[in-house]
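Presented below is the structure to which this report refers.
The values are calculated or read from the model by the stated rules, or taken from the named source; none is laboratory data. On a predicted model such as this, the values are computed, not experimentally measured, just so you know. A quick note on method: Cβ atoms are made from the backbone with ideal geometry, for glycine too, and the neighbour counts reach across all protein chains shown.
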Amino acid sequence: DVHLILDNYATHKHPDVKVWLAKNPRFQLHFTPTSSSWLNLVERWFRELTDKALRRGAFHSVPDLINKIEEYLAAHNTEPKPLVWTATADSILKKVARGRVALETIKQN
């Protein structure tokens, strides 16, 4: 089986996707909870790129922006380190539950 972890974006739940998944049962989709982009490692990587290379930058052209991204990639990739996930499933689920409570509080106000 291939387990895919996806965000809750509607395209993943489109009828065409559901038909394809029915024909390819080895693929199983799992969705991250709403408002939990911090669980998505790609989102985390883009946050790092933004925080360490792009935020407060001045880019006068697309090539300037591309150069800055490529500089960051070159520096980042000189000493690559694998991500070691240290959070337990229980701690993640507790954090998600706290986030849901906070969102519900905001919605009620």
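Summary of values
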quantity	calculated
Residue, modelled with the lowest pLDDT, within the stretch 1-19, restricted to residues that are in contact with a Phe, Trp or Tyr (Cβ under 9 Å, 6 or more places away or on another chain) and surrounded by 11 or more Cβ atoms within 10 Å (Cβ to Cβ)	N8
Count of residues meeting criterion [part of a loop (DSSP other than H, G, I, E, B), within 21 Å of A87 (Cα to Cα) and at pLDDT 75 or above] in the stretch 20-42	1
Which numbered condition F46 fails, given (1) outside any loop (DSSP other than H, G, I, E, B); (2) modelled with pLDDT of 90 or more; (3) assigned by TED's automatic domain parsing to the domain that holds A102	(2)
Qualifying residue in the stretch 85-92 (condition: surrounded by 11 or more Cβ atoms within 10 Å (Cβ to Cβ), in a helix (DSSP H, G or I) and not hydrophobic (A, V, I, L, M, F, W, C))	no
